[in-house]
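A short write-up of the structure that comes next.
The values are calculated or read from the model by the stated rules, or taken from the named source; none is laboratory data. What you see is a predicted model; the values in this text were computed from it and never measured. FYI the Cβ positions are ideal-geometry reconstructions off the backbone, even for glycines, and counts take in every protein chain you see.
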Amino acid sequence: MKLASHALIALLRLLGRLPAGLLVALGRGAGRLLYLLARDWRHTAGRNLELCLPQLSVTQRRALLREHFALIGRSFVELALLWYAPRERLQRLIRVEGEPVTRADDGRPVMWLLPHFLGLEVIGIALQLVQPRRFVSHYRRQSNAVIDAELRRGRMRLGGCEVYPRATPVRTLLKRVREGCALVILPDQDFGERDSVFAPFFGVEAATLTAPARIARMLDMVVQPVVVDQLPGGQGWCVRFLPPLHDWPRGDDAADAAAMNAVIEREVVQRPAQYLWVHRRFKTRPPGTPERYAARRG
């Protein structure tokens, strides 16, 4: 296993030397193969598209699904750039729109909300390139120790990021925030009913984390969503710092969750193929409602 992991890392290092356009083409090809092989992912993503974008025809959803998998492949091979390319090359490939809030005028701390778009890894690199402030975040520890160490190294290699395993107590991250770090939170995954409320996402009740709103309220934080676009061909990415949320959170868990989901929805409809549809976003169901992924299709 270690040998295979080191071989994969060596391959990524080599791929990182390729022109960006060629790397994108290779990634899209790998994604098309993944579409044929990953039946469970294909079913989950297809079901999510049925639930969230019912206005599309079957033909439109199928085309969107294929493009989604091509972009999944692209996002994987682009780790070769994000983890290994020189800073100067990344600066050429990452376009930034909007202004990152590094600290409010009145000194309040900052939370960056990062929805699960496929170019998500780019945002952490961009934050380290364009603003001087350190930031902290949870991450999902990998079962493979070699890959886990490389993931941590890749994400923190530019010196502005601290990542902690998800099992790390939240108070550890909040201590760093009080010491001056910004906080990065990924708000749109289903972790079950604990510390969640059901709130609509594209009209479907989804278990939605209450932690972002509660932490923001507790520390009186400025909350700024950040999204990323995978640009065509070898053009790289565009990281967009959206305007900070106005009058959020308000202190009502359900209303705050619904408002947060609505912000994510508005971004998803602009680039639907780039959202992480392979995640079982509606796995946890309100009592008495049917399971959403039981019938396998395709």
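Among the listed residues A10, A70, which satisfies the condition of being modelled with pLDDT of 95 or more and out of contact with any helix residue (DSSP H, G or I) (no Cβ under 8 Å at 6 or more places or on another chain)?
Within the list A10, A70, the selection yields A10.
For the stretch 44-64, does any single residue satisfy the condition of being charged (D, E, K, R) and within 23 Å of L151 (Cβ to Cβ)?
No: the stretch 44-64 contains no residue that is charged (D, E, K, R) and within 23 Å of L151 (Cβ to Cβ).
Tell me the helices (runs of 4 or more DSSP H) entirely within the stretch 79-174 that contain at least 2 residues that are within 18 Å of the chain's Cα centre (by Cα).
Ranges flagged: 79-84, 120-130, 145-156.
Okay, residues lined up against (1) crowded, with 19+ Cβ neighbours inside 10 Å; (2) in contact with a Pro (Cβ under 7 Å, 6 or more places away or on another chain); (3) within 26 Å of L242 (Cα to Cα):
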position	(1), (2), (3)
T44	yes, no, no
S57	no, no, no
L90	yes, no, yes
G98	no, no, yes
R108	no, no, yes
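Please find, within the stretch 147-167, the residue that is farthest from V136 (Cα to Cα) out of those that are surrounded by 14 or more Cβ atoms within 10 Å (Cβ to Cβ) and out of contact with any helix residue (DSSP H, G or I) (no Cβ under 8 Å at 6 or more places or on another chain).
Filtering first and then ranking leaves D148.
Among what's in the stretch 22-48 and is basic (K, R) and out of contact with any helix residue (DSSP H, G or I) (no Cβ under 7 Å at 6 or more places or on another chain), pick the residue that is nearest to E291 (Cα to Cα).
Residue satisfying both the conditions and the ranking: R47.
Which of the following residues is more than 30 Å from E67 (Cβ to Cβ) and surrounded by 19 or more Cβ atoms within 10 Å (Cβ to Cβ): A213, A255, A207?
Result: A213 is the single residue among A213, A255, A207 that is more than 30 Å from E67 (Cβ to Cβ) and surrounded by 19 or more Cβ atoms within 10 Å (Cβ to Cβ).
Quick check on L33: is it at pLDDT 95 or above and out of contact with any Cys (no Cβ under 8 Å at 6 or more places or on another chain)?
yes
Search the stretch 1-18 for residues that are touching a residue at least 12 places away in the same chain (Cβ under 8 Å) and pair each with any residue that is surrounded by 12 or more Cβ atoms within 10 Å (Cβ to Cβ) and assigned to a loop (DSSP other than H, G, I, E, B) when their beta-carbon atoms are under 6 Å apart and the residues are at least 6 apart or on different chains.
As it stands, the answer is S5/N144; G16/A85, since those pairs meet every condition given.
Looking for something basic (K, R), touching a strand residue (DSSP E or B) at 6+ places or on another chain (Cβ under 7 Å) and over 21 Å from D106 (Cβ atoms) - is there at least one such residue anywhere in the stretch 175-191?
No, every residue in the stretch 175-191 fails to be basic (K, R), touching a strand residue (DSSP E or B) at 6+ places or on another chain (Cβ under 7 Å) and over 21 Å from D106 (Cβ atoms).
One residue is enough: does the stretch 169-177 have a residue meeting the conditions in contact with a Ser or Thr (Cβ under 9 Å, 6 or more places away or on another chain) and under 28 Å from G98 (Cβ atoms)?
yes
Give the residue, chosen from V136, V170, V222, that is crowded, with 17+ Cβ neighbours inside 10 Å and out of contact with any helix residue (DSSP H, G or I) (no Cβ under 6 Å at 6 or more places or on another chain).
V222
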